[in-house]
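Comments concern the structure below.
The values are calculated or read from the model by the stated rules, or taken from the named source; none is laboratory data. As the structure is a computational prediction, the values presented were derived from the model and not from experiment. Here the Cβ positions follow ideal geometry from the backbone for every residue, glycine too, while neighbour counts run over all protein chains shown. Remember, those area values only see protein heavy atoms, side chains included, never the ligands or the DNA or RNA. Shrake-Rupley method; radii C 1.70, N 1.55, O 1.52, S 1.80 Å.
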Amino acid sequence: MKALSFCVLLCTTACCSFAGLVTYPAPGGEPLSTNYTVEVSGKIVPVYTARVLDAPFDTGKYNYGGPYSFTGFDLSGPAQVRIRSTRKLNNLVIRPARKDVKVRTVDSQTVILSVPGPCKLSVEPDGRNSPLLLFASSIEKAPDTGPDDPNLLYFPPGIHHPGKIALTNDQTLYISGGALVKGGVVAEGKNIRIRGRGILDGSDYEWRKGPTPDTISIRGTNIEVSGITIRGSSHWTIVPRNSSMISIRDVKICGSRVQNDDGINPCNSQDVHITDCFIRSDDDCIALKGLDLKAANNNVERITVENCILWCDRARVFLLGHESRAALMQDIQLRSLDIIHFSMTAFLFEPGEEMRLQRVEVENVRLNADGQNELIRLKPVVNQYMHNKVPGHIADIHFKNVTVGGGPGACKIQVMGADPTHQSRKVIFSGIRIGGNTLTQESPSIEIGPHVVDVRVLE
C-alpha cells in the first residue's frame, strides 16, 4: 500500500476512459467467467465469477442455481451493452424490470441492452441459475487529497493478500478498479472512507475463519463505504457496531457462498444510510440488531435503506428484532426497493427482550415472488438467541405501495402479539397489491392474530 494523489490513481487505473465510459482491467491470474462476454460501447469489460454454497453447505438441501457472474464499469450516460452467453438467451429476463432498459436480440446467444446510464441489473437466462449481474456505476469523482497524504491506503490493479486491514481516524482505503484485495477491514474511529471500484474478496476463507470478524467491521462515527464490490464473505459482510453517521453507497455484495453471510447489519447504531446498493446473500440481506446492552447509546435508530436491489437465497430480506437487547429500534425507513428473489419471509419483524420496535415505514417496494408462503410477519417473540426470555413490542408500522408479482403463492401477511402486555399496535397496510389483487381487510392473504390493536388495511 502507498500514498498517491487520487487524481493520479484515477487516471492510471482506468483501462479505458472515453465518451462517458470508464472500464477497468482484470487482475492477472484471476479466472474470469466462461459463461459470458460483455462489451460496452464496443469495449470489452472483464466478467468475474462468484461461488455459491461452498462445503459444508453444498448438501443438495438448497439449490441456489450454482456459480454466477458479475461485471462492473462506470457510465455518465446511455450506453449499449452487448452480452454473449454460452447458454441460450431465448427466455432471458432482466431484473428488476425497467422501462428505460431495452433488450434487442441479435441471435439465440447474444443480446444488446440499451441502458440509460448507471444502473444495476440481473441478467437471467434461466432465473436463479447462473445469471450475470451487471453493475454500471456513476463515474467516480476525485476527492480532495494530497499526493503525500499518509492517511491514504491505496491498492492498485492486481491481486493483493493483506489479510486484516486496520483503519483509524481520518484514513481512506482506496481499492482501485482492477484490484482484487483478499482480506477484511476493521474501521475504528472517526472520518474513515472505504471506496474505489475494485473487489474486496473473502472467498479464500472458510466459513467464519476470515481475518476480521466481518468482511468490513465498523466501530465509529462518520464512516463511508462506497463504490466497491464485495465477493464471497465468510461471515457477516458489512457491520456497523455502536456506530453513528454511517453511509453505505453503491456497494455491490456478491454473496451466497456460505451461510450466515448477512449483507449489512447495523447493530446498536444510529443514522445509517444505505443507498444504491445491490445485495445477494444466503442469509438476511439487511438485519437490524441490538446486540449490546452496555453501550452509552445502544438503540438502533434512524436507519434508511433506499434505492437498493436485494436478493436473498435462503433467509429473510429484512430481519428486525432478533438478537436485540436494545431498548429501542425506531425511525426506520425502507423505501424504493426491488426484491428480485427471496425464499423465506421478506419482512420479518420479531422483537424480543422488551425492545420496542416502532415507527417503521416501508414504501414503494416491488417484489418478485416464486410461490412463497409468507411475505410479512409482525410478531413479538422469544427465540434461542435471546438472553432475557421475554417478548418485545411493536407499534406504528406502515407498509405503503408494496407490489408483489411473479409466480403464484400464498404471500401471507401476519400481524400478531405475544400476550396482553407485548402487543402489536397501530399497523397500517395501504396500497398493497399481490398478484394483481389489492389487499383488503377480507383478503385471504392477511391474518390478524391475538393481542393486536388497531390494524388498518387501506386500498
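Here are the numbers for the structure shown:
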| item | result |
| --- | --- |
| Residues (closer than 29 Å to Ser336 by Cα, surrounded by fewer than 18 Cβ atoms within 10 Å (Cβ to Cβ) and not acidic (Asp, Glu)) located in the range 97-118 | Ala97, Arg98, Lys99, Val101, Lys102, Val103, Arg104, Ile112, Ser114, Pro116, Gly117 |
| Pair list, Cβ < 7 Å and 6+ apart or interchain, from the range 247-265 residues that are open to solvent by 10 Å² or more (accessible area, probe 1.4 Å) to residues that are of a type in the set (Phe, Trp, Tyr) and modelled with pLDDT of 95 or more | Asn260/Trp236 |
| Qualifying residue in the range 359-375 (condition: under 25 Å from Ala296 (Cβ atoms) and not hydrophobic (A, V, I, L, M, F, W, C)) | yes |
| Scope the range 194-206; condition out of contact with any helix residue (DSSP H, G or I) (no Cβ under 9 Å at 6 or more places or on another chain), open to solvent by 10 Å² or more (accessible area, probe 1.4 Å) and closer than 13 Å to Ser226 by Cβ; matching residues | Arg195 |
| Close pairs (7 angstrom Cβ cut-off, 6 or more residues apart or separate chains): more than 22 Å from Ser430 (Cα to Cα) and among the polar types (S, T, N, Q) in the range 379-407, assigned to a loop (DSSP other than H, G, I, E, B) and open to solvent by less than 50 Å² (accessible area, probe 1.4 Å) anywhere | Asn383/His322; Asn388/Glu353 |
| Single condition Glu363 does not satisfy, out of (1) charged (D, E, K, R); (2) at negative phi; (3) open to solvent by 70 Å² or more (accessible area, probe 1.4 Å) | (3) |
| Of all residues making up the range 286-309, the number that are of a type outside the set (A, V, I, L, M, F, W, C) and closer than 27 Å to Pro118 by Cβ | 4 |
| Tabulated pairs, the range 211-229, first among the basic types (Lys, Arg), second in a loop (DSSP other than H, G, I, E, B), C-beta under 7 angstrom, 6+ apart or interchain | Arg219/Asn242; Arg219/Ser243 |
| Flag for Gly177 being free of Cβ contacts under 8 Å to residues at least 60 places away in the same chain and in contact with a Phe, Trp or Tyr (Cβ under 7 Å, 6 or more places away or on another chain) | no |
| Residue list for the range 181-235, restricted to those being farther than 27 Å from Leu134 by Cα and within 17 Å of the chain's Cα centre (by Cα) | Ile218 |
| Among residues of the range 163-193, those that are under 20 Å from Asp261 (Cα atoms) and buried (at least 21 other Cβ atoms within 10 Å of the Cβ), counted | 6 |
| Lone qualifier among Asp276, Asp292 - being open to solvent by 20 Å² or more (accessible area, probe 1.4 Å), in contact with a Lys or Arg (Cβ under 8 Å, 6 or more places away or on another chain) and on the phi > 0 side of the Ramachandran plot | Asp276 |
| Within the range 319-340, tally of residues that are surrounded by 24 or more Cβ atoms within 10 Å (Cβ to Cβ) and farther than 17 Å from Pro96 by Cβ | 7 |
| Answer residue from the range 1-21, given it is at pLDDT below 95 and in a strand (DSSP E or B) and is surrounded by the most Cβ atoms within 10 Å (Cβ to Cβ) among those | Cys16 |
| Filtered residues of the range 341-360 (kept if closer than 27 Å to Ser256 by Cβ and open to solvent by 30 Å² or more (accessible area, probe 1.4 Å)) | Ser343, Met344 |
